Amino acid sequence: ELGIGAQTILITSRYEEDIVRTRCDKLKVKLIPKMMTNLVPIVTKKAKIKYDLVLIDDDSLIHMTWALMAKDRHLNIKMYLTPTDFLQAAPTIDQNTPIYIDVSLGNGVSGIEFSKQVHSLGFTEINLATGYEVESLDKPDFIKKVCGKDFPDII
């Protein structure tokens, strides 16, 4: 009825019954005999962390400033100095977490180009932070906003 047969596994003591096997085949439901369940590993997904915001910026002074502002506001933030550090942690971060990416990440890495990669990972709340004039940047459609380097006004 829900069309989830291909994502379903039936564990049953009625494994040998033709009617059960036929129905499972028709619905594309996988079938496991009940006596075999101790051999099947069950893996649960860990909940992803929802931070109040994530900052990706190569400037440690900006990190210090944002950390103080977040502490004063009792906000849970996470900061990364390099795109690589963020990419390693990305699978553990809720994709609705607001992400602030510096436009110039150092070592010639463009924050705008990196934001495309972040977007391709499924993040939806991507912002560009810049020391340049905000209006001077062309904002890609998937970017929520372009802002300065001041700590964002979030609640």
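Tabulated data for the structure shown
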| item | result |
| --- | --- |
| Using θ = phi - 60° and Karplus 6.51 cos²θ - 1.76 cosθ + 1.60, couplings along the range 26-41 (whole Hz; Gly, Pro as x) | 4, 8, 6, 8, 6, 10, 10, x, 4, 5, 9, 4, 5, 9, 9, x |
| Listed pairs K46/K139; K50/K71; K45/K78; K28/K50 exceeding 24 Å between Cα atoms | K46/K139; K28/K50 |
| DSSP loop trypsin sites (Lys or Arg not before Pro) with at most 14 other Cβ within 10 Å excluded, longest remaining stretch of the chain | 74-155 |
| The chain, accessible area per residue, ligands and nucleic acids excluded (1.4 Å, Å²) | 69 |
| Cα-Cα P(r), the chain, percent of pairs per 10 Å interval | 10, 31, 20, 10, 14, 11, 3, 0 |
| With eigenvalues of the C-alpha gyration tensor scaled by 5 and rooted, the range 12-103, Å | 50, 13, 11 |
| Gyration tensor over alpha-carbon atoms, the range 1-47, equivalent ellipsoid semi-axes in Å | 21, 17, 6 |
| The range 1-82: relative contact order as a whole-number percent, Cα under 8 Å and 6+ apart | 25 |
| For the chain, share of DSSP beta bridges that run antiparallel, in % to the nearest 5 | 5 |
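The values are calculated or read from the model by the stated rules, or taken from the named source; none is laboratory data. Here the structure is a predicted model, which is why all the values come from computation and not from measurement. Reconstructed Cβ throughout: ideal geometry from the backbone, glycine too, with neighbour counts over all protein chains shown. When the accessible area is computed, the model is the full protein with side chains, heavy atoms only, and any ligands, DNA or RNA have been set aside. Shrake-Rupley method; radii C 1.70, N 1.55, O 1.52, S 1.80 Å.
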